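To start, the structure under review is shown below, and the notes come after it.
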Amino acid sequence: MVAQLPDPIKIVRRAGDVRIHTFISGFTDDNIANATHIIESKNKLVLVDGQFLVPYALQFREYANSIGKKIERLYLSHRHPDHWFGLGAAFSDIPIYALPETIEFLKQHGEDSLKDHWKMGHLAPNGLVIPEETVRAGEEIIDGVKYVFDEVIDTEIDFLLTIGLPDVGIFVAQDLIYSGTHLYLTKYMEHWIAILQDVLLSEYDIFLPGHGFPADKNEVAKNIEYLSVAIEAVGKGLANENFKRFMLERFPERKCPAIFDIYMPRLFDNASEF
């Protein structure tokens, strides 16, 4: 882990009366460009995910506070620690919503995941915050904005919350889409491709990823290409360092190669999910 963290990147987009803020952590080799988002409506803020490292979580909260509107709630997209670690550092006072499967995983394994990251030292939170509010597939109007919630299974993660804002053409995909960075690959790659093909046919035109910059459908198509190449490489018997070297050479434009070392033990060696 780097000693000096780079400054985060903050992006603001306007879609009708809604403003979208994207807060992205470092793109260095040791960081994986975690992207968290703020949906700003007339009177309230809705946040998506809480960052990974404590300094970024605190900066994300400070940025949200600087907008000057009430933080209505925060949605946690899934159980990977780079999305929920920051909750314990900066968002324990905010209502946090998540899929029931995500909540149950954190109840069962959250403390173990924290302990497993002890080498992070002060960059990891001191405690665990478990969401208390359940979100399920459906629709809700929040401060005049229509939200469409969906539970996507077996892609980058077994259970993922996505959020559509159909009236402004925005789809909060989180780790369903990686923008400009290497993907966290899983055994679900073929099904993941099928889901992304459906996304290509949707009416959304702005996609908020869990890693990297806001994207368009060109990036969705590039994700499909990346997954297809990875499936072919695995089918040819490439694994671990040989697989990593192949993918780095095949996609030199993609950033954050440290993610290979996070997922390869799980993809190839049946390592623990946390």
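Each reported figure results from applying straightforward, stated rules to the coordinates on display, with no laboratory input. Note that the coordinates shown come from a computational prediction; the quantities given were computed from them, not determined experimentally. Virtual Cβ from ideal backbone geometry, glycine too; neighbours counted across all protein chains shown.
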Quiz item: Given the pairs K42/K146; K187/K244; K187/K255; K119/K255; K115/K187; K222/K255, which are separated by over 19 angstrom at their Cα positions?
Solution: K187/K255; K119/K255; K115/K187
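Quickly rank 181-188, 206-213 as a protection proxy: mean count of other C-beta atoms within 10 Å, highest first. Please list the in-between numbers first.
Numbers: 181-188: 20.1, 206-213: 24.5.
The most tightly packed comes first, giving 206-213, 181-188.
If a helix is a whole DSSP H run, which ones in the chain reach 18 Å or further along their own axis (Cα) and hold a mean Kyte-Doolittle hydropathy of at least -0.5? Before the final figure, lay out each step's value.
Numbers: long enough: 54-67 (20 Å, -0.08); 100-116 (23 Å, -1.21); 217-235 (27 Å, 0.16).
Correct list, ordered by number: 54-67, 217-235.
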Exercise. Could you pull out every one of the aspartates and glutamates with an alpha carbon less than 17 Å from that of K217, ignoring same-chain neighbours closer than 8 positions?
Key: D175, D198, E203, D205, E225
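Local charge sum around D116 (other residues, Cβ-Cβ under 15 Å, Lys/Arg +1, Asp/Glu -1)? Please report the intermediate quantities before stating the final value.
On the way: positive: R79, K115, K119, R266; negative: D82, E111, D112, D261, E273.
Residues close to D116 contribute a combined charge of -1.
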Quiz item: Which far-off residues, 5 or more places away or on another chain, put their amide H under 5 Å from the one on L176, with H placed in the peptide plane?
Solution: G210
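Given contacts defined as C-alpha pairs under 8 Å and at least six residues apart, what's the relative contact order of region 94-231, whole-number percent?
18 percent
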Self-check item: 5 angstrom amide H check on A15, placed H, neighbours 5+ away
Solution: I20
Exercise. Name the residue, out of I39, I177, I11, whose mean-square fluctuation peaks in a Gaussian network model built on the chain with Cα pairs under 10 Å.
Key: I11
Quiz item: Using the alpha-carbon centroid of each, what span in Å lies between region 229-261 and region 135-169?
Solution: 31 Å
Quiz item: Can you list the HN-Hα couplings for region 152-161, worked out from phi with the Karplus curve (6.51, -1.76, 1.60; θ = phi - 60°), rounded to whole Hz and with x for Gly and Pro?
Solution: 9, 10, 6, 10, 6, 8, 5, 9, 10, 8
Quiz item: In whole angstrom, and with the biggest value first, how far do the Cα coordinates of the chain range along each principal axis?
Solution: 54, 43, 34
Quiz item: Relative contact order for the chain using alpha-carbon pairs under 8 Å, separation at least 6, rounded to a whole percent?
Solution: 16 percent
Quiz prompt | Candidates S41, S77, S179, ranked by Gaussian network fluctuation over the chain, Cα under 10 Å, top entry | solution = S41
Quiz item: Over region 31-174, what is the percentage of antiparallel beta bridges among all DSSP beta bridges, to the nearest 5?
Solution: 65 percent
Quiz item: Alpha carbon centre of region 25-100 versus region 181-221: separation in Å?
Solution: 21 Å
Quiz item: If you plug each phi of region 37-51 into the Karplus form 6.51 cos²θ - 1.76 cosθ + 1.60 with θ = phi - 60°, what whole-Hz ³J(HN,Hα) values come out, in order, with x for Gly and Pro?
Solution: 9, 10, 9, 9, 10, 4, 10, 9, 10, 10, 9, 10, 6, x, 6
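Which whole-number percent is the relative contact order of region 91-151 (Cα, under 8 Å, 6+ apart)? Before the final figure, lay out the partial values.
Values: 57 pairs, mean separation 23.4, N = 61.
Contact order relative to length: 38 percent.
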Quiz prompt | Fluctuation leader among E151, E133, E203 - the chain, Gaussian network, Cα springs under 10 angstrom | solution = E203
